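**Student:** Quick one: the structure is below, and I'll ask about it shortly.
The values are calculated or read from the model by the stated rules, or taken from the named source; none is laboratory data. Given the structure is predicted, the values throughout are model-derived calculations rather than measurements. Because the Cβ atoms are built from the backbone with ideal geometry, glycine has one as well, and the counts that use them run over all protein chains shown.
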Amino acid sequence: MSLFESDVIVLWDSTVAYAQANASTHSVREYGRLIYFNSDGNYSLGEIILGDPVQLVAGGDPAGVNFVGGVLNEADNPLRNDPIIVGSIHSHYPPTWAVSGYYCDPGPSDPDNNSVWPGILYDYTKSFTAGQGPVISGNPLKIWTYGPARRTQWCGQTITP
């Protein structure tokens, strides 16, 4: 199992544990990490980044992980010798404790697909509704990819292959 395959399971388990602990409020949050490319040619993962808690109610705000911020700006310094950010990895959440009527399509969200760097996501393969999961028969979890095929910006400049 690769670094990324094992980590999405850790992120998923964290997401499920949070949702279960907050079942009475229908609250969930996504968990994610930045993916770094190291000077030795290997990849590593940053610290876990917590998404903001949101309530799974019909028409509610979607959950997400905000990967943009000081870490990105610092990593975009071309003089930096440390690892550089090349992508992100995160897990969506089960609808198990959502309010009745909640419905969601699987896979990358619009914000995921509009990311400035590639990403890895762990989510169901088919649409799901409130009360289902975390294990849904006939709807296994899978690793999705999203965003561009490679990082497309560096220090605010577009990278051309």
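**Student:** When you scan region 94-139, how many residues do you find that are in a loop (DSSP other than H, G, I, E, B) and in contact with a Cys (Cβ under 8 Å, 6 or more places away or on another chain)? Even if it seems obvious, please write down each step before you answer.
**Tutor:** Of all residues in region 94-139, those in a loop (DSSP other than H, G, I, E, B) come to 94-102, 105-109, 114-118, 125-127, 130-139.
Within this subset, residues satisfying the condition of being in contact with a Cys (Cβ under 8 Å, 6 or more places away or on another chain) are 95, 127.
Qualifying residue count for the region: 2.
**Student:** Does ASN114 qualify as being more than 18 Å from VAL8 (Cα to Cα) and at pLDDT below 85?
**Tutor:** Working: more than 18 Å from VAL8 (Cα to Cα): yes; at pLDDT below 85: no.
For ASN114, the condition - more than 18 Å from VAL8 (Cα to Cα) and at pLDDT below 85 - is not met.
Condition check ((1) in a loop (DSSP other than H, G, I, E, B); (2) surrounded by 14 or more Cβ atoms within 10 Å (Cβ to Cβ); (3) within 16 Å of the chain's Cα centre (by Cα); (4) modelled with pLDDT under 90) across all residues:
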{"site": "THR15", "(1), (2), (3), (4)": "no, yes, yes, no"}
{"site": "TYR18", "(1), (2), (3), (4)": "no, yes, yes, no"}
{"site": "GLY32", "(1), (2), (3), (4)": "no, yes, yes, no"}
{"site": "ALA58", "(1), (2), (3), (4)": "yes, no, no, yes"}
{"site": "ALA63", "(1), (2), (3), (4)": "yes, yes, yes, yes"}
{"site": "LEU79", "(1), (2), (3), (4)": "yes, no, no, yes"}
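**Student:** Could you please find all residues in region 82-130 being over 12 Å from GLY32 (Cβ atoms), within 16 Å of the chain's Cα centre (by Cα) and of a type in the set (Asp, Glu)?
**Tutor:** ASP105, ASP110, ASP123
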